[in-house]
Amino acid sequence: MITTQHPVIQLENEYVVQSYKRPPFVLERGEGVMLYDTEGRAYYDWVAGIAVNALGYGDPELTQVIQAAAAGLLHTSNLYYTAPQVELAAALCEKSFADRAFFTNSGTEANEGAIKFARKVAYDSGSRNKTEIVCFSHAFHGRTMGSLALTPKEKYQTPFKPLLPGVTVAEYNDIASATAAINDKTCAVFVEPVQGEGGIYPASTEFLQALRDLCDQHQALLVYDEVQCGVGRTGTLWAYEASGVKPDIMTIAKPLAGGMPIGAILTTEAVASHIHPGDHGTTFGGGPFITSVAKYVVERISQPQFLEQVREVGGYLMDRLHEINSPLIADVRGRGLMVGVEFTVDVAPIIEAGYQNGLILVNAGQNVIRFVPPLVVQKDHVDVLVERLTVILADLS
Ligand SMILES: Cc1ncc(COP(=O)(O)O)c(C=O)c1O
């Protein structure tokens, strides 16, 4: 571990808005699932830039695709047609429930757009009080004013109030609570099929089916936020496939371009037919460079053998984590390569010990460590993780 005397850390302290708490080392390069700091120390990366770097670091094919895309058009704006955007839209629609796509630059922007789409559908129905949105306990939908309103965490919300009004928070995985919350004033219900930041909680099929039925009953849109759990993370291309329950809108982002910023709103023709020129837009979203890269990443991740590998290594990870015999572990849960271990204690010292032992780990709330590695992680990487984590937990308990 290097010290806070490193010039990069000093410069960061002097010039960067202090909105992030960072460990005292400077990452310099990566290869596969490994990251290396400026002192040459190696770390097994179980975070992947928070469920982003699906193909790991330095993937030779991805690098080639990026280089080729960089030699072409970088940006044209959405005023003009370019091939990569429409080809990516076609690929995403062919591989999902959706008929149409709208591209953004991030997950929170995709959710902001989804809020607007839902409002527009409700507006066109003529019902002027159909403006409310239902979200769920422990949800995380982003940091901008609309998506923040759907992220019911006091610490994140309180200093920024007033937020978007008309939001009701129901209990996740609780059908009675959802039934009480959703009514004719509801224009949309936002749910993560597997909650990420909230602590890695999969939604039950019954819960998603009940949300689908309630949305149909009250003419509300069912919006899946697959920003963290989508694009192969859970071992199927979309997390909702495990339930078979389809949404009206799905937002995706994080791994879509293998580490570069992009998001998307996928939706049905029934919803998209309400969106006309002027209703929504973005300067950068869906530009030719980023969509060329995303097209490649989606093709690669949606290969059956790629997804099979995610399921197999994910299952192995879950089994091996279950085997750790520590009084500090309260639960192991998740799906595919989106696994959470709940501890009986604050996980900050475990993450800190991880750095000392060559593991990059991240929390999801105070008591959960979530494992969201590059999707190319292998069983022998899992073995190293479990071996080191076992020692760390023995030391701490
Ligand atoms: C489920 C979910 N939705 C939305 C977001 C926000 O995405 P972004 O940070 O790209 O704005 C995140 C980010 O962690 C997320 O996990």
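The values are calculated or read from the model by the stated rules, or taken from the named source; none is laboratory data. Remember, predicted model here, so these are calculated numbers, not experimental data. Every residue, glycine among them, receives a Cβ derived from its backbone with ideal geometry; neighbour counts consider all protein chains shown.
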Report summary line: Given (1) among the basic types (K, R); (2) outside any helix (DSSP H, G or I); (3) under 30 Å from K155 (Cα atoms), R119 misses just (2)
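One line per residue, one yes/no per condition, for (1) closer than 19 Å to P327 by Cα; (2) of a type in the set (S, T, Y):
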{"site": "I351", "(1), (2)": "yes, no"}
{"site": "G354", "(1), (2)": "yes, no"}
{"site": "I360", "(1), (2)": "no, no"}
{"site": "A364", "(1), (2)": "no, no"}
{"site": "P374", "(1), (2)": "no, no"}
{"site": "Q378", "(1), (2)": "no, no"}
{"site": "L385", "(1), (2)": "yes, no"}
{"site": "T390", "(1), (2)": "yes, yes"}
{"site": "L393", "(1), (2)": "yes, no"}
Query raised in the report: Among the strands (runs of 3 or more DSSP E) confined wholly to the range 218-273, which include 3 or more residues that are more than 16 Å from the ligand (Cβ to nearest atom) and not polar (S, T, N, Q)?
Result: none
**Report entry** Index of the failed condition, E269 passing every other in (1) buried (at least 16 other Cβ atoms within 10 Å of the Cβ); (2) farther than 19 Å from V65 by Cα
**Finding:** (1)
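In the range 275-330, what residues are assigned to a helix (DSSP H, G or I), of a type in the set (S, T, Y) and assigned by TED's automatic domain parsing to the domain that holds N363?
First, pick out the residues of the range 275-330 that are assigned to a helix (DSSP H, G or I): 288-301, 304-323.
So of that shortlist, the ones also of a type in the set (S, T, Y) come out as 291-292, 296, 316.
Y316, the sole residue that qualifies.
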Report summary line: Residue pairs within 6 Å by beta carbon, gap of at least six or interchain, first lying in the range 112-131 and closer than 17 Å to I182 by Cβ, second part of a helix (DSSP H, G or I) and among the aliphatic types (A, V, I, L, M), listed first then second, are V121/V271; K130/A122
Query raised in the report: Considering the range 122-154 alone, what residues qualify as being within 16 Å of the ligand (Cβ to nearest atom) and on the phi > 0 side of the Ramachandran plot?
Result: H138, G142
Report summary line: Exception for D99 within (1) within 16 Å of the ligand (Cβ to nearest atom); (2) surrounded by fewer than 20 Cβ atoms within 10 Å (Cβ to Cβ) falls at (1)
Query raised in the report: Does Q356 satisfy the criteria of being surrounded by fewer than 17 Cβ atoms within 10 Å (Cβ to Cβ) and under 24 Å from L62 (Cβ atoms)?
Result: no
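Under the condition of being among the hydroxyl-bearing types (S, T, Y) and within 20 Å of the chain's Cα centre (by Cα), which residue from the range 181-204 is farthest from V121 (Cα to Cα)? I'd like the intermediate steps shown before the answer.
Applying the first criterion (among the hydroxyl-bearing types (S, T, Y)) to the range 181-204 yields 186, 201, 204.
Filter once more, keeping what is within 20 Å of the chain's Cα centre (by Cα): 201, 204.
Working: Y201: 30, S204: 28 Å.
If we take residues in the range 181-204 being among the hydroxyl-bearing types (S, T, Y) and within 20 Å of the chain's Cα centre (by Cα), then Y201 is farthest from V121 (Cα to Cα).
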Requested in this report: Select from the range 274-288 the residues that are within 16 Å of the ligand (Cβ to nearest atom) and either of a type in the set (G, A, S) or surrounded by 19 or more Cβ atoms within 10 Å (Cβ to Cβ) (or both) and list them in ascending order.
Outcome: G285, G286
